[in-house]
Amino acid sequence: MRKFTNNLHSFIEKITGTSIYVKLGIYKTKKIKYAPKFSASYLALIADYIDRIATFKPSNIFEIGANYGQDAEFLRKRFGLENSDVYIFEPHPEIIAEAERYFSFNCYPLAISDKNEKITFHAIKLESSNTGISSLKKHKFNKEDDYFDVEVETIRMDDFFEINNIDEIDFLKIDVEGAAYEVLNGFGNELKRVKAIQLESEYIPIWVGQKTWTHISNMLLDNDFQLIHFELQEDGIQSDSFWIQKKFVNHQIYDISTQKWHQENI
């Protein structure tokens, strides 16, 4: 019976593009939730952009605010990488422990910011319907009872580069619930060693003290990133955007006279 159930689950997952998530009580899980259909289709779109217009193929993935690592796993498979090529950062103690059990990534129970310090992290309770809304910042509208506070370590990414001998990041994904600016600021000059970035941001502050889209986009533009793809959510507040360093974008123009494509440098 169990074999039949597992086969049925695999069939449903294949045709829907999702994975089935079974809760065994509040904290225990039989299988972590992979990228839902919307997320998977969005990440596939971003990966397609890299295939079409980037001058590089990703050899590593860094995900900051990784949740269970489901998106990192999707991207790992999509780019044909090894587990050792993936670095995930998730300060929620229960979620990162679960991710470490399922994946052999380089897993770090750290929060990435622009300071190296110990700080209070507002961790969402796992019985919540959305386990991806923990943050270093307090939410302006969510109930405080949905969270529990835990002390975590933060680290700047330029320091992480030096400590771990990181030369460059090919694909960086940031989903840190209102703290994206601090993450980017913590790269310092090493931000120029990141080739592509996908991130979530907001137009108005829904987290206490957060920087919004204007600050984030200006920082990326100042560091020679080009906006490749932008999606505004239905609420008109949150957005997802994808950026590539200009020098890694293959701009091609079709010459009617020669009927050939040729690259243009900008």
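Annotation note: Cβ proximity below 6 Å between a residue of segment 216-228 that is closer than 20 Å to Gln238 by Cα and a residue that is assigned to a helix (DSSP H, G or I) (sequence gap 6+ or interchain) occurs for Ile216/Ala180; Ile216/Tyr181; Met219/Leu184; Gln226/Lys246; Ile228/Tyr49. Every condition in (1) in contact with a strand residue (DSSP E or B) (Cβ under 8 Å, 6 or more places away or on another chain); (2) crowded, with 20+ Cβ neighbours inside 10 Å holds for Lys211 except the one numbered (1). Quick one: Val150 ticks every box in (1) in contact with a Ser or Thr (Cβ under 7 Å, 6 or more places away or on another chain); (2) surrounded by 14 or more Cβ atoms within 10 Å (Cβ to Cβ) except a single one, so which number is it? Exception for Val150: condition (1).
The condition of being touching a Phe, Trp or Tyr at 6+ places or on another chain (Cβ under 8 Å) and not small (Gly, Ala, Ser) holds for only one of Glu153, Glu177, Glu182, Glu162, that being Glu177. Can you find a residue in segment 77-92 that is in the same structural domain as Thr154 (by TED's automatic domain parsing), farther than 21 Å from Ile169 by Cα and in contact with an Asp or Glu (Cβ under 6 Å, 6 or more places away or on another chain)? No - not one qualifying residue is present in segment 77-92. Remark: pairs (first residue in segment 155-181, more than 22 Å from Phe248 (Cα to Cα); second residue basic (Lys, Arg) and surrounded by fewer than 18 Cβ atoms within 10 Å (Cβ to Cβ); Cβ separation under 8 Å; 6+ apart in sequence or on different chains) = Arg156/Lys115.
The values are calculated or read from the model by the stated rules, or taken from the named source; none is laboratory data. Predicted model, so just to flag it, every value in this text is computed and none were measured. With ideal geometry, Cβ positions are generated from the backbone for all residues, glycine too; neighbour counts draw on all protein chains shown.
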